[in-house]
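A.B. asks: Have a look at the structure that comes next, please.
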């Protein structure tokens, strides 16, 4: 495979520094008033029109950023490998996400979401080339979070997913834009319950991959060294 | 799908009634916004629907700049388009194909805005890229030789299963202020032109569309 001639890899090389800069930016000393880091651990379940997965998540809130690491696994009723549809594949995913504040309007707080991770699929039944599927996933989003009374929050925004399958073949298999709507309610001082729906058109692999995504996510997060109020910021 | 989307939008519109009222603030030089909605489109001489978004920054309270787009997913638009294969040619024993269509537009947004009392008037102009295509659906996606579907679509439609090009989308959106300074429901009316579009089943994907949604931010 001639990487130099592959436009997908060239695009990835251009995008990766953006994510690296965003990550490193969150590590810089903050000029904001003192705000101790807060930690959260959670579990989540996700189902969409292709797959159902479950996973765990660790999250840290710094004065000017939230960082999270998620690991999930499940089954895909339908998956796409090198542009071929396959059925009943094992699916796993690791995602690192950074959330950066992007301003406020009244009580509405806006955050830029940047994510990068890997997606792995194996065992699907179909005509795809032999071997597991590995893909690099990137995400960009702008989301508004609105406190609802003192123990809830409403979220709305836009997510831009991008996926580049790198094995068994190099294929840009997902691009698109998703509307996201969600809410969170505090079940106590240290417990969040969150739900989210993402939907929109997705495209890729010259039309051979998924064409529409409707995804629901339910998550529960336990907080350490902080209370639910501290997590309304962005 | 409608059972989920409509109640969600209605819940959004009802949000002001149970959220805390906010104090009016002087307009900042720059403030973020996220507009999400749903379009009903009359593109390519048929009715379809799909998600719509605008995100970016509103400058001096009178100019929105950012990124905008909309999609016409084929999966939620059941309309099919009939294509007759050349004489003597068949696909899975059929001489006529029923194809679905999908596509999207994304681009840069510039939208002058102004207010008349509680009414916000916005004139969005999107310049970007749009692509729409036609694809095999249902059992027809199981190709006779197991090859990728796109390979057969290209072959059957002589490489003209989709088309795209520079796209201009202009419109007008009206929104009303609510008790919450960061939340406004809106309606809009748009015209879309995809320059140079020419696919086997449509020589144009231009047309009018309406949009309803909610704007967060300024």
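A.B. asks: For segment B:187-214, which positions are under 18 Å from the mean Cα position of the chain (by Cα) and surrounded by fewer than 19 Cβ atoms within 10 Å (Cβ to Cβ)?
C.D. replies: Residues satisfying the conditions are B:187, B:189, B:191, B:193, B:195, B:204, B:207, B:208, B:210, B:212.
A.B. asks: Could you list, in sequence order, all residues of segment B:45-57 that are over 19 Å from residue A:211 (Cα atoms) and more than 9 Å from chain A (Cβ to nearest Cβ)? Walk me through it before giving the result.
C.D. replies: Residues of segment B:45-57 that are over 19 Å from residue A:211 (Cα atoms), as a first pass: B:45-46, B:54-57.
Matches in segment B:45-57: B:45, B:46.
A.B. asks: Output the residue which, of all residues in segment A:141-168 that are assigned to a strand (DSSP E or B) and more than 10 Å from every other protein chain (Cβ to nearest Cβ), is surrounded by the most Cβ atoms within 10 Å (Cβ to Cβ). I'd like the intermediate steps shown before the answer.
C.D. replies: Filtering segment A:141-168 for residues assigned to a strand (DSSP E or B) gives A:141-148, A:152-167.
In the following step, the residues that additionally are more than 10 Å from every other protein chain (Cβ to nearest Cβ) were identified as A:153, A:161-167.
Values: A:153: 20, A:161: 20, A:162: 21, A:163: 23, A:164: 23, A:165: 26, A:166: 17, A:167: 15.
Within segment A:141-168, the match that is surrounded by the most Cβ atoms within 10 Å (Cβ to Cβ) is A:165.
A.B. asks: Away from chain B (no Cβ under 11 Å), surrounded by 19 or more Cβ atoms within 10 Å (Cβ to Cβ), in a strand (DSSP E or B) and touching a residue at least 40 places away in the same chain (Cβ under 8 Å), is that true of residue A:109? Steps first, please.
C.D. replies: Working: away from chain B (no Cβ under 11 Å): no; surrounded by 19 or more Cβ atoms within 10 Å (Cβ to Cβ): yes; in a strand (DSSP E or B): yes; touching a residue at least 40 places away in the same chain (Cβ under 8 Å): yes.
No; evaluated as a whole, the condition is false for this residue.
A.B. asks: For residue B:204, indicate whether it is in a loop (DSSP other than H, G, I, E, B), more than 30 Å from residue B:61 (Cβ to Cβ) and modelled with pLDDT of 95 or more.
C.D. replies: Numbers: in a loop (DSSP other than H, G, I, E, B): yes; more than 30 Å from residue B:61 (Cβ to Cβ): yes; modelled with pLDDT of 95 or more: yes.
For residue B:204, the condition - in a loop (DSSP other than H, G, I, E, B), more than 30 Å from residue B:61 (Cβ to Cβ) and modelled with pLDDT of 95 or more - is met.
A.B. asks: Looking at (1) within 10 Å of chain A (Cβ to nearest Cβ); (2) modelled with pLDDT of 95 or more; (3) closer than 30 Å to residue B:179 by Cβ; (4) surrounded by fewer than 21 Cβ atoms within 10 Å (Cβ to Cβ), find the lone condition where residue B:18 falls short.
C.D. replies: Answer for residue B:18: the failing condition is (2).
A.B. asks: Then there is this: Only one residue in B:74, B:103 is in contact with a strand residue (DSSP E or B) (Cβ under 7 Å, 6 or more places away or on another chain), surrounded by 21 or more Cβ atoms within 10 Å (Cβ to Cβ), within 12 Å of chain A (Cβ to nearest Cβ) and not in a loop (DSSP other than H, G, I, E, B), so which one is that? Give the steps one after another, and end with the answer.
C.D. replies: Values: B:74 fails: not in a loop (DSSP other than H, G, I, E, B).
Answer to the check: B:103.
A.B. asks: Another question, then. Which of the residues spanning segment B:152-172 are free of Cβ contacts under 8 Å to residues at least 60 places away in the same chain, under 19 Å from the mean Cα position of the chain (by Cα) and away from chain A (no Cβ under 14 Å)?
C.D. replies: Those that are free of Cβ contacts under 8 Å to residues at least 60 places away in the same chain, under 19 Å from the mean Cα position of the chain (by Cα) and away from chain A (no Cβ under 14 Å): B:165, B:166, B:168, B:170, B:171, B:172.
A.B. asks: Still on this structure, please answer the following. Do we have residue A:55 as under 30 Å from residue A:127 (Cβ atoms) and either out of contact with any helix residue (DSSP H, G or I) (no Cβ under 8 Å at 6 or more places or on another chain) or not in a strand (DSSP E or B) (or both) here?
C.D. replies: Working: under 30 Å from residue A:127 (Cβ atoms): yes; either out of contact with any helix residue (DSSP H, G or I) (no Cβ under 8 Å at 6 or more places or on another chain) or not in a strand (DSSP E or B) (or both): yes.
Considered against the rule, which asks whether it is under 30 Å from residue A:127 (Cβ atoms) and either out of contact with any helix residue (DSSP H, G or I) (no Cβ under 8 Å at 6 or more places or on another chain) or not in a strand (DSSP E or B) (or both), residue A:55 comes out as yes.
A.B. asks: Would you confirm whether or not segment B:126-136 contains a residue that is free of Cβ contacts under 8 Å to residues at least 60 places away in the same chain and assigned to a helix (DSSP H, G or I)?
C.D. replies: Checking segment B:126-136: not a single residue is free of Cβ contacts under 8 Å to residues at least 60 places away in the same chain and assigned to a helix (DSSP H, G or I).
A.B. asks: Which residue out of A:225, A:200 is touching a residue at least 60 places away in the same chain (Cβ under 8 Å) and on the phi > 0 side of the Ramachandran plot?
C.D. replies: Numbers: A:200 fails: touching a residue at least 60 places away in the same chain (Cβ under 8 Å).
Going through A:225, A:200 in turn, just one is touching a residue at least 60 places away in the same chain (Cβ under 8 Å) and on the phi > 0 side of the Ramachandran plot: A:225.
A.B. asks: Can you tell me which of (1) more than 19 Å from residue A:169 (Cβ to Cβ); (2) crowded, with 21+ Cβ neighbours inside 10 Å is the one residue A:80 doesn't meet?
C.D. replies: All conditions pass for residue A:80, except number (1).
A.B. asks: Any chance segment B:58-68 includes a residue that's at pLDDT 95 or above, within 12 Å of another protein chain (Cβ to nearest Cβ) and closer than 23 Å to residue B:204 by Cα?
C.D. replies: For segment B:58-68, residues at pLDDT 95 or above, within 12 Å of another protein chain (Cβ to nearest Cβ) and closer than 23 Å to residue B:204 by Cα: present.
The values are calculated or read from the model by the stated rules, or taken from the named source; none is laboratory data. Bear in mind that the values here come from a model prediction, so they are computed numbers and not experimental data. Ideal geometry is used to build each Cβ from the backbone, glycine not excepted, and the neighbour counts take in all protein chains shown.
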